[in-house]
Amino acid sequence: MVCGGFTCSKNSLCVLNLLYIMVSLLLIGIAAWGIGFGLISSLRVVGVAVAVGILLFLIALVGLIGAIKHHQVLLFFYMIILFLVFVVQFSVSCASLALNTQQQNELLEVGWNHTASARSDIEKTFNCCGFHYYDKSDPCDAACAKTPTCTTCGSVIEKHAEEVLRIVGGVGFFFSFTEILGVWLTYRYRNQKDPRANPSAFL
């Protein structure tokens, strides 16, 4: 069977969705591992990672079932949802790569001010206190909190912000193109006739 045939389209779609399922399980596993080893104490961070993993798992499961059964309705909704995810992810990836240094610093400061529950993890991981300045009366869980040489978290995070944003943008670009590939495969697969089906039967 040539690659443009029914069987090849079906197998390609199944493999793509199995990849998404593995990625979703990896996300959930990393969140559980971080909680288990005490690396992450923020329930909000864990909740977001688990929610994204579960959402990706459900989308991939719908696509996998639709591909195996050649189910027109499931494949249609899978194609629409995957296209919407592609648009969002592609936009976020472009924004991550397009931010200049000043915009990165402003974004980091806004994130710091709105992640009170994750500050403890950041301070312990990077051994720093505060963002741009640190008052000794402020609570800090870093080991350097009682020493006069404790650095601010802003200066530490900003050194790696550009590299992290490039990695996030690059990974996002890669997965966004796999998603548009999935949309194209699904569209083509929906319009193909199963050669094993009764020719007189409706799809």
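Of the chymotrypsin sites (Phe, Trp or Tyr not before Pro) in region 66-103, not one is in a loop by DSSP (not H, G, I, E or B) with at most 16 other beta carbons within 10 Å. Label positions at T115 and C144, each projected 7 Å from the Cα along the C-beta direction, are separated by 1.9 nm. Full extension of the chain between K124 and S155 yields a length gain of 9.7 nm, computed as 0.36 nm times the residue separation minus the alpha carbon distance.
Once the chain from V164 to A95 is taken as fully extended at 0.36 nm per residue, the excess over their C-alpha distance is 23.5 nm. Using only protein heavy atoms and a 1.4 Å probe, report how much of S12 is accessible, in Å² to the nearest 10. S12 exposes around 40 Å² with every protein chain in place.
Placing pseudo-labels 7 Å out from each Cα toward the beta carbon at Y187 and N11 gives an inter-label distance of 2.5 nm. Solvent-accessible surface of region 49-124, averaged per residue with a 1.4 angstrom probe and all protein chains in place: 57 square angstrom. Maximal additional length on extending the L55-H132 stretch stands at 24.1 nm, based on 0.36 nm per residue less the C-alpha distance.
The values are calculated or read from the model by the stated rules, or taken from the named source; none is laboratory data. No experiment lies behind these values; they were computed from the predicted model shown. Cβ coordinates were reconstructed from backbone atoms using ideal geometry, including for glycine residues, and neighbour counts include every protein chain displayed. Areas reflect the complete protein model, heavy atoms only, side chains present, ligands, DNA and RNA absent. Shrake-Rupley method; radii C 1.70, N 1.55, O 1.52, S 1.80 Å.
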